[in-house]
Structures are given as C-alpha cells and as structure tokens.
1. What order, most packed first, do the peptides 193-203, 168-178, 23-33, 135-145 have when packing is the mean number of other Cβ atoms within 10 Å of each residue?
2. Measure off 7 Å from each Cα along the Cα-to-Cβ vector at residue 40 and residue 126, then give the distance between these two points in nanometres to one decimal.
3. Relative to the compact globular guide of 2.2 N^0.38 Å, what is the alpha carbon radius of gyration of the chain, as a ratio?
4. Counting Lys and Arg as +1 and Asp and Glu as -1, each charge on the Cβ, what is the dipole of the chain about the Cα centre in debye, to the nearest 20?
5. Could you work out the relative contact order of the stretch 2-265? I mean the mean sequence separation of Cα pairs under 8 Å and 6+ apart, divided by the number of residues, in percent.
6. Using r as the Cβ-Cβ distance of residue 167 and residue 49, and R0 as 25 Å, what FRET efficiency do you calculate, to the nearest 0.05?
7. Just how many % of Cα pairs in the stretch 116-268 lie over 21 Å apart, if you round to the nearest whole percent?
8. Can you give the extra length, in nm with one decimal, that the chain gains between residue 235 and residue 13 once fully stretched, where that is 0.36 nm per residue apart less the Cα-Cα distance?
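Read-outs: derived from the displayed coordinates by stated rules, not from any lab. Given the structure is predicted, the values throughout are model-derived calculations rather than measurements. For neighbour counting, all protein chains shown are included, and Cβ atoms are generated from backbone atoms with ideal geometry for every residue, glycine included.
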Amino acid sequence: MNKYLEKSSGTKDEKRKLMDKLKMSLSAEPVKYNESGTVDCKKEFFELKFSYRRPSVEENKDHFGDEALRELAGRESVKQAAGNYWIIDSITLTNLENNFSANITDDLPSGFLIVYHPLNPNERHRMRTDAAGKYKFIDIFDDLTKPYTLVALLHELGHARDYATRSDEEKKRFTRESDKPEKKELADLLIKERNAWAYAIQKLKRFLNNNFLNKDDLLKIAHQIMLLQYSHGIRLKLMEIDKIKNDDEIKKLTDELDQEQKYILGIK
Ligand SMILES: [Zn+2]
C-alpha cells in the first residue's frame, strides 16, 4: 500500500489559494433557487446546465427519516439547511470550443439520488448507501456553479459507480468505516478514493481548456490535496496499528490534520 500513499508537496496556503479560485462561481449573479428550475451558466469555453426540484414526500422521508441521518440531522448546519435542499435530475456540461457535451446524470447508478444543499457550504460531500428506504444518496453541499462543487460531485458519483460494481457482501461494508480498521481495510479505502478520482478526472478531461479549471488544477486537487489528506490519515492509522505512537499523540495529529483540511477547503 505504501507506494500508493501520496507524498507532501506544496504549502497549505498555496492549496487554499487554489481552492478559493475553484470556489468562484461561474455565474455572474448569485443563483436564486425556487421550487424547481434550471441553471445555465457559461464561462470561457465551458457551459454548465442543470435542473433541480424539491424532493417528493417519499424521497424526503428516505433522506431524513433513517437511522444514519438522525445523527446528522442533529447537527446545526444540517438542521438549518433541512428545508433548503433539492434533487438534481440532470446536469449537462458542454465544451463551447468544439461543442462536445456530456450528460453527467446518465452515469448515476439506478436507485441513487443527488441531493443538493446549495446554501450549506460547511458540510463535506458524501455518498450514503445505508438509508432504510429505497434510495441511496449523494449529498452535495455548496453551490454547483462553483467548479470545486462540480469536481466533488463527480468524485462522489465515482464512488457510487464503484459501489454499483461491488458484490452484495462488499456493498454492505462499502461506506462503513470501523474505528479500529485493519491494514486491508485501509488499503481498500485508498483504492476506493483512487477509483473515485479516476472517474472524476476521466469525466472532466474534455473540459479542461479553461483558466478557471485546467488539467494542472484538477490533478493538484486529486493528488496533492484530497488523496494526500487520505494518505496522511492512513499513515496515522498505520502508526496506531503498529503502536508507533500512543493514543494521545495520534489524536492530536488527527485533529491537526482535520483542521488543516478544513482550512484548505475553507469550511467552518
Ligand atoms: Zn471519496
């Protein structure tokens, strides 16, 4: 596994700067969300178009009604945003230089819904496959007109596609992370992250002829920011397993890592 762990490069301030650039909306005006609607914005050679709507009663119940979300629902930012989420049914990207288009939502495995929380920028994007109802969810936080949100959505979609290819047995454990993971579990975690990034990069590669999002930026986000943070986290867990550091030291280092990640992502 060690050869797949990313090595440090760049300062956290450089990374924060890149993140800030990628969190500038493509839309000239802030988007105002109604009951349902379509958002269409263009910048340089890029066009992003998506449609959203309020969830149905059943979708709502599945999303906020199960055990896994009860804990989440207790969190202040989620509570505040509870009435402010939508379902995204379609997303189309177009390269205006050569008119190449990709419909992102065509890649969504069956049973998955994209739940969109544009007014809540302080949560981490996630995929949930353990809801009690019939749906599985990709929860996207912050406005999708920001390139980073789109990148994050593609990453989560990569996880959903990876999940859909797994056996029933693997599916059961796909998003479950144990407190005391074994080495094999850590290796699998890293593979999942790499798979999800591979999908996101492949999906975006025909849209990288822009200053606001180019190939260099995308690779930096994937490797030097996201996979690096995972790699650091995995190194800490390995130190814990091999008893190289004591629990207090691990806890301190884990908290520092968490703080650094929040700083880079600009989340509170
Ligand atoms: Zn991931």
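1. Details: 193-203: 19.3, 168-178: 11.2, 23-33: 13.5, 135-145: 23.4.
In decreasing order of mean packing, 193-203, 168-178, 23-33, 135-145 become 135-145, 193-203, 23-33, 168-178.
2. It works out to 3.6 nm between the two label points.
3. Numbers: Rg = 18.7 Å, N = 268, 2.2 N^0.38 = 18.4 Å.
That works out to 1.01 for the chain.
4. Numbers: 48 positive and 47 negative charges, 90 e Å.
Computed charge dipole of the chain: roughly 440 debye.
5. On the way: 353 pairs, mean separation 53.0, N = 264.
The normalised contact order for the stretch 2-265 reaches 20 percent.
6. In this case the efficiency is close to 0.10.
7. Numbers: 6013 of 11628 pairs.
That tail contains 52 percent of the Cα-Cα pairs.
8. 77.7 nm
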